[in-house]
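**Q** I'd like to ask you about the structure that follows.
The values are calculated or read from the model by the stated rules, or taken from the named source; none is laboratory data. Note that the structure is a prediction, hence the values are computed from the model and not measured. We place every Cβ from the backbone using ideal geometry, glycine too, and count neighbours over all the protein chains shown.
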Amino acid sequence: MDSSSGGEELSGSPPLPQTSKTHALMSPEEKLQHYDISAQAHEDSKQYDACIQDLVRCLALVKLVYGKNHLKLAQAHSRLAKAYLQFKDWGVQALEHVSSARQVLLLCSGDRHELRLCLLNLCLIQGQAALLTDNVCEAESAFLQAEQQLGPLCESRALLQEQSTQTELEVCTGLFRVYRRQGKPKEALSQCERSLQLLRDMNQEDMTWSVYRDMSHIQEDQGNVDTAIDLMSKAHSIALTRTPPRQREGAGLSHRLALLMSTSANSQHNESAGDYFEQSLSLYRSSAGERDLSYLSAQDDYCRYLLLRGQHEKCVELQRASLSSKRAQFGELSAGVADTLQLIASVEMSKGELSQAYRSMSQCLEIQSVLFGPQHKKTRATQKAVDMLARTPEVSERLRRRGQTKVHLNSSALSPDDI
């Protein structure tokens, strides 16, 4: 297949599992069985690139063994499309294989229920991939078609009750995302209510946290902050009281709840936001580590909250502590590191610590000059701040003693030992 359009060529294919025959002596049917088993083994061991390589081989072998108009070829395209979507978030490649599978279904014959089931799976994959590629109209059409296919399959009992309910839940979740993007809150909330009922019917109320989270997002979009907080609190409580507790999800919910509370007009909510920020950082730290992007994002949001509440010391302490993680995550010359240094410098200026502020702002200036160039508005604004600090008696005297009268980029003036 053409790797430029389908992305099938992935490097690092592992050696084939041992078989009773050498690979060269295996028939196409045996090779197909071999790679089918290998794909599942690689998926189970989370070797996703290797799994996709196997599925690409399966697709070619199915075409060779069964021909171009067989249901198994449509199923092979569907399986590969799902792998691209699930393991790589490659929406374009997934849609290409969905299209190929649909063309096969138009020409092939076979068991009516099998054909419907394949089409149902294709619709679900297409809806998710279309959302990933920002084609909301295509996504809506695909999910609605999936809903239409589900009815006859349930009536004929081609699907078990649990499979049927799980598929309907997937459709509801997809339509919720569609309607939210389309700015249709009533329709989106209606899908959430359907999802809640389905989960209750399945006796899976411990999974309702994700639905309450989605409902909270809708209320937040509508400006109903207090209602959004109530729903997010319910999601948060359910996620963290599960056995075992969902720490990563709980961390994200704590973070989101803290952000909502920090914007609430309710002073009690505003006061409680700090506790949830602290909880989110603790959960992220234990589940993902301090270099995780989500942890660093929550930490930055917490610092903004602390600044608004006048807790400058704690803010700077956290920002300084985050520098090593941000350097490791983003690199020394990165916007994240520059922004952190600039925030630290701003707080140091507000506290009258001008020498420290000059040092932090100068380091920020050096990074911004490399990233954006000396004429960029960010760089020029930082340069003005550095020049202003250099003219203050405290800083200018120190610079004079070191024989420096102005800041030169990439000079020793930017070293931490210079001030």
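**Q** Take the conditions closer than 22 Å to Q247 by Cβ and at pLDDT 95 or above and apply them to V171. Does it pass? Walk me through it before giving the result.
**A** Working: closer than 22 Å to Q247 by Cβ: no; at pLDDT 95 or above: yes.
In short, no.
**Q** Check the stretch 56-69 and report whether any residue there is assigned to a loop (DSSP other than H, G, I, E, B), over 27 Å from L169 (Cβ atoms) and touching a residue at least 12 places away in the same chain (Cβ under 8 Å).
**A** Filtering the stretch 56-69 for residues assigned to a loop (DSSP other than H, G, I, E, B) gives 67-69.
The next check asks that each one be over 27 Å from L169 (Cβ atoms); those that pass are 67-69.
Adding the requirement that they be touching a residue at least 12 places away in the same chain (Cβ under 8 Å) leaves 68-69.
Yes.
**Q** Next question. Go over the candidates M232, M202 one by one and state the one that is within 20 Å of Y276 (Cα to Cα), touching a residue at least 12 places away in the same chain (Cβ under 8 Å) and of a type outside the set (F, W, Y). Even if it seems obvious, please write down each step before you answer.
**A** Details: M202 fails: within 20 Å of Y276 (Cα to Cα).
Residue meeting the stated conditions: M232.
**Q** Could you grab me the full set of residues in the stretch 346-386 that are of a type in the set (D, E) and either out of contact with any helix residue (DSSP H, G or I) (no Cβ under 9 Å at 6 or more places or on another chain) or not in a helix (DSSP H, G or I) (or both)?
**A** Step one: of the stretch 346-386, the residues of a type in the set (D, E) are 348, 353, 366.
Hit for the stretch 346-386 is E353, nothing else.
**Q** Next question, about the same structure. If you scan the stretch 68-87, which residues turn out to be among the aliphatic types (A, V, I, L, M) and within 19 Å of E43 (Cβ to Cβ)?
**A** Taking the stretch 68-87 as the starting set, the residues that turn out to be among the aliphatic types (A, V, I, L, M) are 71, 73-74, 76, 80-81, 83, 85.
If the condition is that a residue be among the aliphatic types (A, V, I, L, M) and within 19 Å of E43 (Cβ to Cβ), then A76, L80, A81, A83, L85 are the ones that fit.
**Q** Given the options L365, L341, name the one that is closer than 17 Å to L318 by Cβ, under 36 Å from the mean Cα position of the chain (by Cα) and hydrophobic (A, V, I, L, M, F, W, C). Write out each step before concluding.
**A** Working: L365 fails: closer than 17 Å to L318 by Cβ.
Being closer than 17 Å to L318 by Cβ, under 36 Å from the mean Cα position of the chain (by Cα) and hydrophobic (A, V, I, L, M, F, W, C) holds for just one of L365, L341, which is L341.
**Q** A follow-up question, please. With the condition kept exactly as written, say whether any residue in the stretch 224-237 is in contact with an Asp or Glu (Cβ under 7 Å, 6 or more places away or on another chain), modelled with pLDDT under 95 and assigned to a helix (DSSP H, G or I). Write out each step before concluding.
**A** At the first step, the residues of the stretch 224-237 found to be in contact with an Asp or Glu (Cβ under 7 Å, 6 or more places away or on another chain) are 228.
Now narrow it down to the ones that are modelled with pLDDT under 95: none.
No, because not a single residue in the stretch 224-237 is in contact with an Asp or Glu (Cβ under 7 Å, 6 or more places away or on another chain), modelled with pLDDT under 95 and assigned to a helix (DSSP H, G or I).
**Q** Taking the stretch 151-167 only, how many residues are buried (at least 20 other Cβ atoms within 10 Å of the Cβ) and touching a Lys or Arg at 6+ places or on another chain (Cβ under 9 Å)?
**A** 0
**Q** Please specify each residue of the stretch 127-156 satisfying the condition of being in contact (Cβ under 8 Å) with a residue 40 or more places away in the chain and either of a type outside the set (D, E, K, R) or within 19 Å of R79 (Cβ to Cβ) (or both). Let's see the steps before the verdict.
**A** Residues of the stretch 127-156 that are in contact (Cβ under 8 Å) with a residue 40 or more places away in the chain, as a first pass: 127-129, 131-133, 136, 140, 153, 156.
Listed by number, the residues that qualify are G127, Q128, A129, L131, L132, T133, V136, L153, S156.
**Q** Let me ask something else. Mind listing just one residue for me: the one in the stretch 35-48 that is closer than 13 Å to V62 by Cβ and buried (at least 19 other Cβ atoms within 10 Å of the Cβ) and, of those, nearest to the chain's Cα centre (by Cα)? Steps first, answer last, please.
**A** Step one: list which residues in the stretch 35-48 are closer than 13 Å to V62 by Cβ, which gives 35-36, 39.
If we keep only those that are buried (at least 19 other Cβ atoms within 10 Å of the Cβ) as well, we get 35, 39.
Working: Y35: 31, A39: 25 Å.
Filtering first and then ranking leaves A39.
**Q** Then there is this: Look through the stretch 391-403, keep the residues that are over 14 Å from Q356 (Cβ atoms) and modelled with pLDDT of 85 or more, and return whichever of them is surrounded by the fewest Cβ atoms within 10 Å (Cβ to Cβ).
**A** Among those residues, the one meeting the criterion is P393.
**Q** What single numbered condition from (1) within 24 Å of S396 (Cβ to Cβ); (2) crowded, with 16+ Cβ neighbours inside 10 Å fails to hold for A381?
**A** (2)
**Q** Can you list the helices (runs of 4 or more DSSP H) lying wholly within the stretch 266-345 that have 3 or more residues being within 22 Å of E366 (Cα to Cα)?
**A** Values: elements: 267-287, 293-308, 312-330.
Once the helices (runs of 4 or more DSSP H) in the stretch 266-345 are filtered for at least 3 residues that are within 22 Å of E366 (Cα to Cα), what remains is 312-330.
**Q** Looking at the stretch 283-303 only, could you name the residues that are surrounded by fewer than 20 Cβ atoms within 10 Å (Cβ to Cβ) and over 20 Å from the mean Cα position of the chain (by Cα)?
**A** Within the stretch 283-303, none qualify.
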